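**Student:** My questions will all concern the structure given below.
The values are calculated or read from the model by the stated rules, or taken from the named source; none is laboratory data. The structure presented is a predicted model; accordingly, all values stated were derived computationally and were not measured. All Cβ positions, even for glycine, are placed from backbone atoms using ideal geometry, and neighbour counts span all protein chains on display.
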Amino acid sequence: MWQLIKQIARTTTPVEPPPEKDDAWQVEGRQIQQTILDVIGRALCIRAIDAGSCNGFELEIQALGNPYYNIEGLGIKFVASPRHADLLLITGALTVNMKDAVLRAYEATPHPKLVVAVGECACTGGLFKESYAVCGPLSNLLPVDVTIPGCPPPPIEILRGVLTALHVKPVVRAP
């Protein structure tokens, strides 16, 4: 206990400059919103599925909801059911235990549907592709429209991947 208190007392406050302001994101955010409205005409509904990731990908996806990215304001929302989704955002290596759940979620998603694989594990199987507990990349099970490489990819790359998916196969439903 005393060692911990001594270490806390010896630790100084980190001194590093704050990150520089990047206004390019604000312009890109407005373009994203307009693209979603042009293609869909309403909010894009995404169902995120963790097929066996280390949770690094989920942290980056959650960062999309912070005030900096504000995806709700851009017309993108996450839904709890694949029945309400336009796009499946799948992270992690496809594990044997999640194979059926991912397939059921894909089948429950109404047509037209998009699938985006996020991160190296979902795209290629990652470090665990040779494991007995992993089925390999997501493309072995589902038709993947867009892959977003990175371990984990930054939130802006996830947004770009979603936009790319919208351009690949327009998601238009009757009102």
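**Student:** With within 20 Å of Asn140 (Cα to Cα) and touching a residue at least 12 places away in the same chain (Cβ under 8 Å) as the only criterion, which of Leu103, Leu74, Leu64 stands out? Spell out how you get there, then give the answer.
**Tutor:** Numbers: Leu74 fails: within 20 Å of Asn140 (Cα to Cα); Leu64 fails: within 20 Å of Asn140 (Cα to Cα).
Being within 20 Å of Asn140 (Cα to Cα) and touching a residue at least 12 places away in the same chain (Cβ under 8 Å) holds for just one of Leu103, Leu74, Leu64, which is Leu103.
**Student:** Could you go through the range 83-95 and let me know if any residue there is more than 21 Å from Pro149 (Cα to Cα) and of a type in the set (Ser, Thr, Tyr).
**Tutor:** no
**Student:** Quick check on my filter: what residues within the range 28-48 are at pLDDT below 75 and in a loop (DSSP other than H, G, I, E, B)?
**Tutor:** Those that are at pLDDT below 75 and in a loop (DSSP other than H, G, I, E, B): Ile40, Gly41.
**Student:** Can Val171 be described as surrounded by 18 or more Cβ atoms within 10 Å (Cβ to Cβ) and either more than 23 Å from Ala80 (Cα to Cα) or at pLDDT below 85 (or both)? Reasoning before the result, please.
**Tutor:** Working: surrounded by 18 or more Cβ atoms within 10 Å (Cβ to Cβ): yes; either more than 23 Å from Ala80 (Cα to Cα) or at pLDDT below 85 (or both): yes.
Considered against the rule, which asks whether it is surrounded by 18 or more Cβ atoms within 10 Å (Cβ to Cβ) and either more than 23 Å from Ala80 (Cα to Cα) or at pLDDT below 85 (or both), Val171 comes out as yes.
**Student:** Pull up the range 68-124, narrow it to residues that are within 15 Å of the chain's Cα centre (by Cα) and among the hydroxyl-bearing types (Ser, Thr, Tyr), then point me to the one that is modelled with the highest pLDDT.
**Tutor:** Thr91
**Student:** Return a yes/no flag: does the range 80-101 have any residue that is surrounded by 22 or more Cβ atoms within 10 Å (Cβ to Cβ), in contact with a strand residue (DSSP E or B) (Cβ under 8 Å, 6 or more places away or on another chain) and of a type in the set (S, T, N, Q).
**Tutor:** Yes, the range 80-101 contains a residue that is surrounded by 22 or more Cβ atoms within 10 Å (Cβ to Cβ), in contact with a strand residue (DSSP E or B) (Cβ under 8 Å, 6 or more places away or on another chain) and of a type in the set (S, T, N, Q).
**Student:** Just to be sure, is Gly125 at positive phi and not charged (D, E, K, R)?
**Tutor:** Judged against the criteria, Gly125 is a match.
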